[in-house]
Structures are given as structure tokens and as C-alpha cells.
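Structure record follows, encoded as C-alpha cells.
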Amino acid sequence: MSVWIEVKAYLDAIPEDWSALADLFDRFGLPGTLQQDSPPAMSAYIAPGDEGMIPDLTVALKNFGALRVETKEIEEIDWAESWKQFFKPRRVGERIIVRPTWEEAELLPGDIELVLDPGQAFGTGDHPTTRGCLQLLEEVDLVGKSVADIGCGSGILSVAAGKFGAGLIHCVDIEQPSVSSTLENAERNGVELIVKRGTGFDPLPADQKYDVVLSNIISAALIVLAPQVATRLHAGGIWIASGIIVSNWPEVAEVAKRNGFTMVENLVEGDWVAAKFLR
Amino acid sequence: MAKKIASIIKLNINAGKGTPAPPVGPALGQAGINMMEFLKKFNEMTAPQIGYKLPVEITVFEDKSYSFVVKQPLMSDLIKAAMGIERGSSNPSKQSAGRLTKDKALEVAKKKLPDLNTDDLEQAIRIVAGTARSMGIDTDF
């Protein structure tokens, strides 16, 4: 069980500006902080293995003016589990049922079940960006097709592609927890995925072209990725792009067009857009 | 009728790079809000400001819905950016990390003014100077 240490510095009054204290934590490699007004205090969290910094950090906080400094152990499970109560089996699109490992689901004839434990990775099928991708994906004839999933998160899109009959499926994510989560979810669903850690198409074979590219990331990353997708897709290939806030959609659409893509369909749900482009 | 507020969470996190690791995980997990949804939206909104730490104030309502506001980058980050330095002093009482001019302090104050409890620019400059000195940065005004 991983244990983090919360280091909390209490102040005598709410400062006019908290940032000098946040900056002190940052100098110790702790860029994220939580602040409270009553009683005034700021907390940062030390990752397992870095506890050695606590004495020096405590001295620095007291020199800064902290009234007292408290430490508390936080088990990773405390928050890793807490959101799971909100993750229930759900239908996405016409035929897809996304089921967390710890729940049961009733299937109808023709349903495709995706069994997931996303761990710390993104992609439970609960977010509009993931739902949009899955809806667009289920309309594509994937049998025997080659697929690249850039920013695979929990692997939910690739697992779905595999269940829909895709052949070669390459997955990439910048974060190790996502790589691990994708591999676990592939095994859980009996789908064969090749998963690499890295950025964009960098870790994938340079000469590999794909029939379908999936990327549920963020607009800024999609804009950077667009020229690479254009060169990595076969003519007539499909790019499903998601993670786009409505206000960024015109820019993403323009960049896609500039890179030779034709928009086939876009889905808008709440603040989010998912789109299917043809190369 | 306005929804009842259950709690307000104040975080300072890296723009565009929020993860479920602390402080986000424990804070949002305890509040019962959809952490991954928040992170996705936060990272999307703040990607253009990568390199800054941003204060974000999350209002959690009793029905577990939430809203959040992202503020201007931390004043300390704005000061460092204005001065072109990477960090404050590791020993502020003994070692200087540089000198902040009034022009640079004014630049920071103008950017940060919407988040401060004042609309007086001179007062805002004094707050900037106070933060700078706490970071081991000298001021000449």
C-alpha cells in the first residue's frame, strides 16, 4: 500500500497572498498545494520514498512563519477508491456496455461488453469525450483494420476496437499508470493490444500506417498531432478525435482541414465535441 | 433556488498537468466529485498556461455537482516570470534571489489584480513586494 505524507503548515492569519508559501513547497519539489481559510493552513503531499525531505521542509516552513507544521499519512487507497462508487455499468451508443470489474451488468443480444478497471488512468466511459469516441467508433467497420490509439488512458477505446474485430492495435500514452491500466484491461477483455509509453506516434514503428487513429486527448495536443495523423493514416482512413472543449472546436476543425481531413460527423455533448474525420 | 454549497476546495496546481495524485485526489475524492472529469476539463482549459501554477477554486454542492473557477497564475510564478528567474531563494532571510523593480512589480500587480482583495494598484504593488520579500527577492521601492 502506497502511503503519502501530508505536510500541513498552519499560519496565524490568512495571508494577503498565499503564493510565497506555495512557492516554498514548490522548491521542495511539491508543486501542488491545498489551502484552507479556517484555520489558515496550506498542505502539500510527499510521494512515497521522498519522506527524507520532511525535516528540512519543516524547518523551512517554520522559518517562513508557520505557527506549527503537522504531518499525516494518507493511504493512496483513500482517494483511488473513493470515486469508484460513482462508476456504474452504463450503455454507450447502441451496443456498448461499459462495466467496472466490481459491478454486474445485464446484456442484450448483440451487446459488446467492455470490462474496465481504469486504475488511475482516464477513461471510464462516464465522460462525454469518451462516450463521443465510443459512439463514433461503433459506426466504423473495424473488422481486420489497423488502429492506433494515441493517449490511450485506460485503454477503453482500444479494447472496444478489439471487440469490434480490429486487427493490429497500437496504443500509446505518456503516463505509465495508463500503460499499465491499458495492458490490464486488454487482458481482462481478451483483446490483444501493443502498448507503448511515449508521445504521439514516436514509440510506434516509423513505417506503420493505420486504417483508424483514435485520440481522446486535449485540443492543444490534437492540433500538434494532426500532421502526424495525416501521414500515418492510409488514404480513406478515419481519425476519431475527442477531448475538445466547444470553444476550441473551430481551431481543431480548421487544423484538421488544413491537414487534408474532411469532417464526416461531430457529436456535441455538454461542453465537449468528438469528431470523425476522413483522410 | 440556488443549490446548497457543501464545501469549497482551494487548490494550486500545475496548468495543463493535473493528475489524480495529491493534492487533487484526496481533496476531490473526499468531496465525492468526479475527479477525472474535473481533471480533463481543467487540463483542457489551462493547457495554454503550462509552466504556471494556477489557483483553482472548486465549489462542491450537496448533490455532488460542482463548479470551478481558475484564477490568474500564482503571484510567485508571475514574479519569477517577470524577473526571468526559475526559483526564489532557498534561504530567504540570508540569501537574495534577485531584485524586483517597481516596473516589474506593477506588471505583476496588473495581472493579479482581479484575484486580490483590492482594486487599488498601489496596494496591489505592496502585496507583490511582500510576496517577493517572502521569496527572498529584494525590492527597491
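The values are calculated or read from the model by the stated rules, or taken from the named source; none is laboratory data. Computed from a predicted model, the values in this text were never measured in an experiment. Using ideal geometry, Cβ is built from the backbone for each residue, glycine included, and neighbour counts are taken over all protein chains shown. Protein only, heavy atoms only, side chains kept; ligands, DNA and RNA dropped before computing areas. Shrake-Rupley method; radii C 1.70, N 1.55, O 1.52, S 1.80 Å.
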Check: Looking only at residues in segment A:11-25 that are part of a helix (DSSP H, G or I) and within 7 Å of chain B (Cβ to nearest Cβ), which one is surrounded by the most Cβ atoms within 10 Å (Cβ to Cβ)?
Finding: A:ASP23
Margin query: Please return the ranges of strands (runs of 3 or more DSSP E) entirely within segment A:168-279 where 1 or more residues are of a type in the set (Asp, Glu) and within 14 Å of another protein chain (Cβ to nearest Cβ).
Written below: A:169-173, A:262-269
Checklist line | Residues located in segment A:156-175, provided they are under 11 Å from the mean Cα position of the chain (by Cα) and of a type outside the set (Asp, Glu) | finding: A:ILE156, A:ILE174
Check: Can you name every residue in segment B:37-48 that is within 7 Å of chain A (Cβ to nearest Cβ) and either of a type in the set (Asp, Glu) or within 23 Å of B:LYS4 (Cα to Cα) (or both)?
Finding: B:GLU37, B:GLU44
Notebook entry, point to check: Taking segment B:107-141 only, how many residues are touching a helix residue (DSSP H, G or I) at 6+ places or on another chain (Cβ under 6 Å), within 13 Å of chain A (Cβ to nearest Cβ) and open to solvent by 60 Å² or more (accessible area, probe 1.4 Å)?
Noted result: 1
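Give the residue, chosen from B:GLY16, B:GLY32, B:GLY51, that is more than 10 Å from chain A (Cβ to nearest Cβ) and on the phi > 0 side of the Ramachandran plot.
Criteria check complete, one pass: B:GLY51.
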Next item on the list: Taking only segment A:264-278 into account, find how many residues are surrounded by fewer than 21 Cβ atoms within 10 Å (Cβ to Cβ) and either closer than 10 Å to A:CYS133 by Cβ or not polar (S, T, N, Q) (or both).
Entry: 8
Margin query: Show me the strands (runs of 3 or more DSSP E) entirely contained within segment B:1-106 in which 2 or more residues are in contact with a strand residue (DSSP E or B) (Cβ under 9 Å, 6 or more places away or on another chain), open to solvent by 60 Å² or more (accessible area, probe 1.4 Å) and more than 22 Å from A:ALA60 (Cβ to Cβ).
Written below: B:5-14
Check: Can you name the residue in segment A:26-41 that is assigned to a loop (DSSP other than H, G, I, E, B) and over 28 Å from the mean Cα position of the chain (by Cα) and, of all such residues, is surrounded by the most Cβ atoms within 10 Å (Cβ to Cβ)?
Finding: A:PRO40
Notebook entry, point to check: Within segment B:19-66, can you find the residues that are closer than 21 Å to A:THR130 by Cα and of a type in the set (Ser, Thr, Tyr)?
Noted result: B:THR19, B:THR46, B:SER65, B:TYR66
Next item on the list: Would you mention how many residues in segment A:230-263 are open to solvent by less than 10 Å² (accessible area, probe 1.4 Å) and free of Cβ contacts under 8 Å to residues at least 24 places away in the same chain?
Entry: 0
Checklist line | Positions within segment A:158-178 being buried (at least 20 other Cβ atoms within 10 Å of the Cβ) and without any contact (Cβ under 8 Å) to a residue 60 or more places away in the chain, in sequence order | finding: A:SER158, A:VAL159, A:ALA161, A:GLY162, A:ALA166, A:ILE169, A:HIS170, A:CYS171, A:VAL172, A:ASP173, A:SER178
